[in-house]
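Working notes, structure below.
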Amino acid sequence: MTRKRGKPLFEPGLVPARGDLLEWRDSRHCDGRQLRPCALCDKPTPLRSHYGEPAHKACAENWIAANPAEARLGRFPSDVQPKRRRDDDHV
């Protein structure tokens, strides 16, 4: 399925490798005001991708695993992860 995507609502990070989990920790992924049908399973969800597309995180991870070539185009990327500090070694 080909779809047009506009500018992301906020900066996307990398697309996770097949089988890895998405990092969607940013609060902008959640629209607490309105449930919309997931673009992948049609069940209601408050979650949104970086492009505003309603999608459950688990559905997006399953889609990435099932469509690895198309996933590289960035439909469901992870959030940008902050750079790790040198003294951030909690050992």
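Some values worked out for this structure:
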| quantity | calculated |
| --- | --- |
| Cβ-Cβ under 7 Å pairs, at least 6 apart or on other chains, the range 44-73 side within 17 Å of GLY32 (Cβ to Cβ), far side in a loop (DSSP other than H, G, I, E, B) and hydroxyl-bearing (Ser, Thr, Tyr) | ALA55/SER49 |
| The range 6-25, subset over 10 Å from the mean Cα position of the chain (by Cα) and acidic (Asp, Glu), residue surrounded by the most Cβ atoms within 10 Å (Cβ to Cβ) | ASP20 |
| Scan of the range 32-68 for residues that are among the charged types (D, E, K, R) and under 23 Å from ALA17 (Cβ atoms), ordered by number | ARG48, GLU53, LYS57, GLU61 |
| Where a residue in the range 15-28 is touching a residue at least 60 places away in the same chain (Cβ under 8 Å) and in a loop (DSSP other than H, G, I, E, B) and its partner, wherever it lies, is surrounded by 11 or more Cβ atoms within 10 Å (Cβ to Cβ) and of a type in the set (Gly, Ala, Ser), with Cβ under 6 Å and at least six apart | VAL15/ALA71; VAL15/GLY74; PRO16/SER78 |
| Selection from the range 32-84 of residues that are farther than 18 Å from PRO12 by Cβ, among the charged types (D, E, K, R) and not in a loop (DSSP other than H, G, I, E, B) | ARG36 |
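Taken together, the values in this text are just the output of simple stated rules run on the coordinates, not laboratory data. In this text, all values refer to a predicted model and were calculated from it rather than measured experimentally. Every residue, glycine among them, receives a Cβ derived from its backbone with ideal geometry; neighbour counts consider all protein chains shown.
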